[in-house]
Amino acid sequence: MNGVFEKNKIYYGNLIESKLNAIKDAEAEGDQDKVELWENSLQDAIEDFNQAPGIVPYIVGLNHNADMAAKYGVEEPADDFFDSKYNAAMVLDQGKFEANHWSENAIFQEDEELKAHVQNLVADKFEDSEQTVNETVQVAAEQEAEPAAAEEKVTASSLTENANKELSLHQYVWDNLKESIKPNIFEVIDKYKLG
């Protein structure tokens, strides 16, 4: 907030969830001293949660229904929490809101020269791969016309080789790209400085 890092409700929500689990574990062990210790810690975290900025997250055991929310004195999560674009699977898994082509990456939008360099690397690799695919298609067409002759040409090793070429595209681009990029660490720090 205002260029300063501040712990939000989601941070405290995760903390509270871990404290609720610790209380359950202490109860399962039958250790009443630990239960009281964790409950006191939970109350402190709930106070911080209520004062923290941000949206109210859904926390099982704290505000998953109206009774629990009233018991702990916290708000229930708003309906828009469940519709939030931040809860999308792609955001959680990949850190982005929508699927995009590799060339639509922000670094390529900022550096057209780098984008052109990577496109050339990829184009060279795909030309080799396309030739192999065309050869495989041609053999398949021959197989329909002449099954016995085509069987000799199509081997498991040629198909495996083609698959390996496709799988190695990423590694090929990375190996060539990392040699050509040597960023100045101070430029990177200045460019991505927070706050």
Please specify each residue of the range 2-12 satisfying the condition of being open to solvent by less than 80 Å² (accessible area, probe 1.4 Å) and either modelled with pLDDT of 90 or more or polar (S, T, N, Q) (or both).
N8, Y12
Those residues that are open to solvent by 40 Å² or more (accessible area, probe 1.4 Å), within 22 Å of S84 (Cβ to Cβ) and either touching a Lys or Arg at 6+ places or on another chain (Cβ under 7 Å) or in contact (Cβ under 8 Å) with a residue 24 or more places away in the chain (or both), I need them from the range 13-47; list them, please.
L15, E17
Looking only at the range 88-142, and only at residues there that are at pLDDT 70 or above and among the polar types (S, T, N, Q), the one that is nearest to V56 (Cα to Cα)
Q94
Note on the range 87-122: residues exposed (fewer than 13 other Cβ atoms within 10 Å of the Cβ) and β-branched (V, I, T) are I107
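Can you pull out every residue in the range 48-61 that is of a type in the set (A, V, I, L, M, F, W, C) and exposed (fewer than 12 other Cβ atoms within 10 Å of the Cβ)?
Answer for the range 48-61, where residues must be of a type in the set (A, V, I, L, M, F, W, C) and exposed (fewer than 12 other Cβ atoms within 10 Å of the Cβ): just V60.
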Could you list, in sequence order, all residues of the range 62-86 that are loosely packed, with under 15 Cβ neighbours inside 10 Å and farther than 24 Å from N2 by Cβ?
H64, N65, A66, D67, A70, K71, G73, D79, F82, D83
Looking at (1) touching a residue at least 12 places away in the same chain (Cβ under 8 Å); (2) closer than 22 Å to Y86 by Cβ, which is the only condition H64 fails?
(1)
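The values are calculated or read from the model by the stated rules, or taken from the named source; none is laboratory data. It should be emphasised that the depicted structure is a prediction, and the values quoted were computed from it without experimental measurement. A quick note on method: Cβ atoms are made from the backbone with ideal geometry, for glycine too, and the neighbour counts reach across all protein chains shown. Note: accessible area is taken over every heavy atom of the protein model, side chains too, but ligands, DNA and RNA are not part of it. Shrake-Rupley method; radii C 1.70, N 1.55, O 1.52, S 1.80 Å.
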